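Scroll down for the structure; my scribbles are underneath it.
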Amino acid sequence: MSKENIIITDMGASASNKHSTKPVLCLGIESSCDETSAAIVDSDKNILAHIIYSQIPEHQKYGGVVPELAARAHILAIDEIIKLTLERANKTIADMDVIAATAGPGLIGGVLVGWMAATGIANATNKPLVAVNHLEGHALVPRLKSTSATDSATDIDVEFPYLLILASGGHCQILLVQGVGKYELIGQTLDDSAGEAFDKVAKMLGLGYPGGPIVDKRAKEGDPKKFHFPRPLCDKPGCDFSFSGIKTAARMLLDKTDESLRDEKFINDFCASFQASVVDCIINRLTNALHDERIINAAPKTLVVAGGVAKNSAIRSAIENLANKFNMQFAAPPMNLCTDNGAMIAWAGLENYKIGNIVKEPVAPRPRWPLTEL
Ligand code: KG4
Ligand code: ZN
């Protein structure tokens with residue numbers, strides 16, 4: 001484990017408690033993809049310690065995550081990350097009230113590593129254990145701490161029900177979040193996820209992995225109207241997505257452009273035009289969702305974006321504009337809580353613990369685990 005790839009995103013042991021009653025403390029562990037992460041979060045919404053060990057440099061040369069390498073890297077890192085997290089919070093395992101870990105969905109080798117570590121700790125110390133659905137971690141983290149699109153530190157209380165677009169590397173779904181464990185699927189991708197589309201386009205342009213942040217950066221310098229990419233399904237009713245057609249159009253545009261013409265300006269315009277099509281698709285599908293009878297009846301006050309793709313500035317601001325148009329609040333997690341992290345798992349652990357949803361019998365981790373099966 002290389003120490004350079006450790007990111008610490010907490011206030012350390014100095015994180016103060018906002019309330020006088022003793023808060024519930026949760027150790028959360030995430031290992032479902034290419035981040036080994038642990039966090040200690042309390043029920044007053046303080047992140048006492050949060051460490052993310054990113055494996056990105058280990059996978060970069062392959063242009064994507066290699067599951068077997070990821071699982072091995074998790075094994076090598078997990079004990080040290082948990083130990084460092086406890087040290088930063090100035091706590092011991094004995095101080096924890098509840099242990100939580102991702103039990104799926106994700107790359108099963110990695111999920112197993114984090115889940116077995118959490119199970120071992122909980123069994124050895126006789127503490128309650130929560131099997132967190134990774135998607136629920138993304139879905140609930142805006143309730144831990146959310147900021148406006150400009151990250152102006154405006155805290156928004158995200159209350160149930162809310163309308164959520166969860167866009168990550170593995171998923172793209174529109175959900176009505178009615179409560180902890182209560183999700184109604186309104187729409188989802190029929191093929192690639194939004195993050196996958198960003199990653200694949202970046203790969204074909206030779207920009208590296210993960211592609212989302214790089215395309216986002218390039219798009220800021222480019223002309224979104226320079227090239228036309230399709231807006232799949234946008235002329236159809238419903239809230240489902242399809243991104244594979246955009247990817248194919250990207251491939252075709254690239255193939256017909258002579259290599260000598262693929263200069264910096266071409267790449268920036270390409271990224272901006274591609275990103276504009278993803279933004280339009282998201283806004284079109286969300287607009288349909290806002291007109292959907294199920295959403296009208298539920299009357300959510302907040303429109304929320306979460307998942308790794310929620311880091312994208314163009315996507316965040318387009319969704320914020322849409323929320324304003326529909327007189328809704330807009331919420332998104334702070335940037336460091338959009339991509340995979342242990343704090344979202346600790347928070348989902350606390351939310352589940354509060355409603356008594358703890359492990360009562362041995363749980364087998366699940367590579368696939370839809371939010372509608374909680
Ligand atoms: O939620 P996440 O960390 O992992 C999964 O659960 O899948 O999301 C990772 C995805 C990757 O596809 C990455 O390219 C994308 O989020 N991503 C972005 C940005 N930052 C990360 N996509 C677009 N713009 C970004 N700024
Ligand atoms: Zn994720």
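Can you list the lysines whose alpha carbon sits under 19 Å from that of residue 360, skipping same-chain ones fewer than 8 residues off?
Excluding near neighbours in sequence, the set is 127.
Starting from 0.36 nm per residue, how many nanometres of slack lie between residue 235 and residue 354 once their C-alpha separation is accounted for?
Difference between extended and current length: 38.5 nm.
Using a 1.4 Å probe on the protein heavy atoms, what percent of the accessible area of segment 180-239 belongs to carbon and sulfur?
Roughly 53 percent, rounded to a whole number.
Can you give me the long-range amide H partners of residue 366? Hydrogens built in the peptide plane at 1.01 Å from N, cutoff under 5 Å, separation of 5 or more residues or another chain.
Amide H neighbours of residue 366, under 5 Å, 5+ apart: 104.
Taking θ = phi - 60°, what integer Hz values does the Karplus form 6.51 cos²θ - 1.76 cosθ + 1.60 yield along segment 355-364, in sequence order, with x for Gly and Pro?
Those phi angles translate into 9, x, 8, 10, 6, 10, 10, x, 10, 8 Hz.
If R0 is 22 Å, what FRET efficiency do you get for residue 56 and residue 368 from their C-beta distance, rounded to 0.05?
It comes to 0.35.
Explain nothing, just the number: relative contact order of the chain, from Cα pairs under 8 Å at least 6 residues apart, as a whole percent.
23
Checking the a/c ratio against 1.5 first, then a/b against b/c, what shape does the Cα gyration tensor give for segment 154-333?
Verdict is prolate for segment 154-333.
Using a simple spin-label model with points 7 Å from Cα along the Cα→Cβ vector, what separation in nm is obtained for residue 258 and residue 124?
For the pair residue 258/residue 124, the computed spacing is 6.5 nm.
Give the residue list of trypsin sites (Lys or Arg not before Pro) in segment 163-235 that are DSSP loop and have at most 10 other beta-carbon atoms within 10 angstrom.
Listed in order of number, the matching sites are 225.
Rounded, prolate or oblate, given the Cα gyration tensor of segment 263-359, with a/c below 1.5 counting as rounded?
oblate
So what are the three principal axis dimensions of the chain from its Cα atoms, in whole Å, longest to shortest?
Rounded to whole Å, the extents work out to 62, 48, 37 Å.
Could you work out the relative contact order of segment 154-333? I mean the mean sequence separation of Cα pairs under 8 Å and 6+ apart, divided by the number of residues, in percent.
Averaging sequence separation for qualifying contacts and normalising by length gives 27 percent for segment 154-333.
Excluding residues fewer than 8 places away in the same chain, name every one of the aspartates and glutamates whose C-alpha is closer than 14 Å to that of residue 22.
42, 44, 95, 97
If you keep only loop residues by DSSP, which GluC sites (Glu not before Pro) in segment 186-267 have at most 15 other Cβ atoms within 10 Å of their Cβ?
In loop regions of segment 186-267 (DSSP not H, G, I, E or B), the sparsely surrounded GluC sites (Glu not before Pro) are 221.
With each pseudo-label sitting 7 Å past Cα toward Cβ, what's the residue 22-residue 280 distance in nm, one decimal?
5.8
State which entries of 182/247; 247/325; 225/247; 61/247; 3/61 exceed 24 angstrom in Cα-Cα distance in the structure shown.
182/247; 247/325
Give, in nm to one decimal, the length gained when the segment between residue 72 and residue 93 is fully stretched (0.36 nm per residue of separation minus the Cα-Cα distance).
5.1 nm
With a/c under 1.5 counting as rounded, go ahead and sort segment 182-266 into rounded, prolate or oblate using the C-alpha gyration tensor (a ≥ b ≥ c being the square roots of the eigenvalues; past the cut-off, prolate if a/b is larger than b/c, else oblate).
Here segment 182-266 falls in the prolate category.
Please give the calculated 222 nm ellipticity per residue for the chain, where each DSSP H segment of at least 4 residues contributes -39500 (n - 2.57) and the sum is spread over every residue; nearest 500 deg cm²/dmol?
-12500 deg cm²/dmol
Aspartates and glutamates within cross-link reach of residue 301: Cα-Cα under 14 Å, excluding same-chain residues under 8 positions apart?
157, 159, 320
Find how much the distance from residue 79 to residue 265 grows on full extension, using 0.36 nm per residue of separation minus their present alpha carbon separation; answer in nm with one decimal.
Result for the pair: 62.4 nm of gain on full extension.
Using the structure shown, list the pairs from 200/311; 256/311; 226/311 with a Cα-Cα distance above 20 Å, or answer none.
256/311; 226/311
Which order, highest average first, do 165-176, 280-291, 93-104, 26-37 follow once you tally other Cβ atoms within 10 Å for each residue and take the mean per peptide?
My ranking of the peptides, most packed first, is 26-37, 165-176, 93-104, 280-291.
The values are calculated or read from the model by the stated rules, or taken from the named source; none is laboratory data. Just so it is clear, the structure is predicted and the values come from calculations on it, not from any experiment. Because the Cβ atoms are built from the backbone with ideal geometry, glycine has one as well, and the counts that use them run over all protein chains shown. Accessible surface is based on the protein model in full, side chains and every heavy atom, while ligands, DNA and RNA are left aside. Shrake-Rupley method; radii C 1.70, N 1.55, O 1.52, S 1.80 Å.
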